[in-house]
Amino acid sequence: MKHLIVYSHPNPKSFNHAILDIYEQALIEQGHEVRVRDIYAMNFNPVLDSQDLEMAKRKEYAPDVIIEQNHVSWADVITMICPVWWGGLTANLRGYIDRIFSSGFAYFYGPDGLEKLLAGKKLVFINTMGAPYDVYANTGMLKSMNQTIDECISDFTGIEIARHLYFGNVGGASDKERLAMLEDVKELAASFS
């Protein structure tokens, strides 16, 4: 399978980067093709501006958007890795989605209504959280994130949400707990055969 990993964290020594490394290596060891797009390292512009909107109406896109859309088109599975900040995705990952998964590429409103242009692909999210998992689960934040991230993207594009992993209390976790999280990441990679 062809895997695109879209990674969003500014610190190359973060636990998120350890997740990226383990996941990428596990996929490669299984014989999958893998491409990684580190949007912080790329200095990707996440700001959807009026020019982007006008171009999308004509199904035209900026050169940096076309590059990323080509990666998305290539992939069977798209995995997005980032921390949860303020109850959602990092700003640059959110902006990446805004610019790349645009009208005319990921979805389109035609004469027969909504056309889901990325059907047949799978999407995985791996998110770390500073607070314990139960805090997000018990307050309804996980449900809200699943609705606003997973269901919204899937409903508009036709991408199947294959899995959404949340790892809580990452900053306060012991080495043993972090190793267990990385084992979960390996198991996720192994589920694609």
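The values are calculated or read from the model by the stated rules, or taken from the named source; none is laboratory data. In this text, all values refer to a predicted model and were calculated from it rather than measured experimentally. Every residue, glycine among them, receives a Cβ derived from its backbone with ideal geometry; neighbour counts consider all protein chains shown. The area values use the complete protein model at the heavy-atom level, side chains included, leaving out ligands, DNA and RNA. Shrake-Rupley method; radii C 1.70, N 1.55, O 1.52, S 1.80 Å.
Within region 51-113, what whole-number % of the accessible surface is contributed by carbon and sulfur, with the 1.4 Å probe and all protein chains included in the calculation? Within region 51-113, the accessible surface is 57 percent carbon and sulfur. Distances between placed amide hydrogens fall under 5 Å for Phe125 paired with Met80, Arg163, His164, Leu165, all partners being 5 or more residues away or on another chain.
As an exercise, identify the trypsin sites (Lys or Arg not before Pro) in region 28-136 lying in DSSP coil whose Cβ has no more than 11 other Cβ atoms within 10 Å. Please report the intermediate quantities before stating the final value.
Numbers: sites: Arg35, Arg37, Lys57, Arg58, Lys59, Arg94, Arg99, Lys116, Lys121, Lys122; in loops: Arg58, Lys59, Lys121.
In loop regions of region 28-136 (DSSP not H, G, I, E or B), the sparsely surrounded trypsin sites (Lys or Arg not before Pro) are Arg58, Lys59.
Once divided by 2.2 N^0.38 Å, the Cα radius of gyration of region 91-143 becomes 1.59.
With everything on Cα atoms, drop me the angle between helix 15-29 and the longest principal axis of the chain, reported from 0 to 90° to the nearest 10. Approximately 80 degrees, to the nearest ten.
Residue-wise HN-Hα couplings along region 163-179, as the Karplus relation 6.51 cos²θ - 1.76 cosθ + 1.60 with θ = phi - 60° gives them from phi, are 6, 9, 9, 10, 10, x, 6, 4, x, x, 6, 6, 4, 4, 5, 5, 4 Hz; Gly and Pro carry x. Pairs with C-alpha atoms separated by more than 24 Å, drawn from the list Lys13/Lys122; Lys13/Lys121; Lys57/Lys116; Lys13/Lys143; Lys13/Lys176, are Lys13/Lys122; Lys13/Lys121; Lys13/Lys143. In the full protein context, region 1-144 carries 50 Å² of accessible surface per residue, based on a 1.4 Å probe and ignoring ligands, DNA and RNA.
How do 178-189, 72-83, 137-148 rank on mean C-beta neighbours within 10 Å, highest first?
In descending order of packing, they fall as 72-83, 178-189, 137-148.
Label positions at Ser103 and Ser191, each projected 7 Å from the Cα along the C-beta direction, are separated by 3.4 nm.
Listed options for Rg and Dmax of the Cα atoms in Å are [x] 18.1, 60; [y] 16.7, 55; [z] 22.2, 80. The value calculated from this structure is the one marked [y].
Can you list the aspartates and glutamates whose alpha carbon sits under 18 Å from that of Lys186, skipping same-chain ones fewer than 8 residues off? Within the straight-line limit of under 18 Å, Lys186 reaches these aspartates and glutamates: Asp21, Glu24, Glu29, Glu33, Asp175, Glu177.
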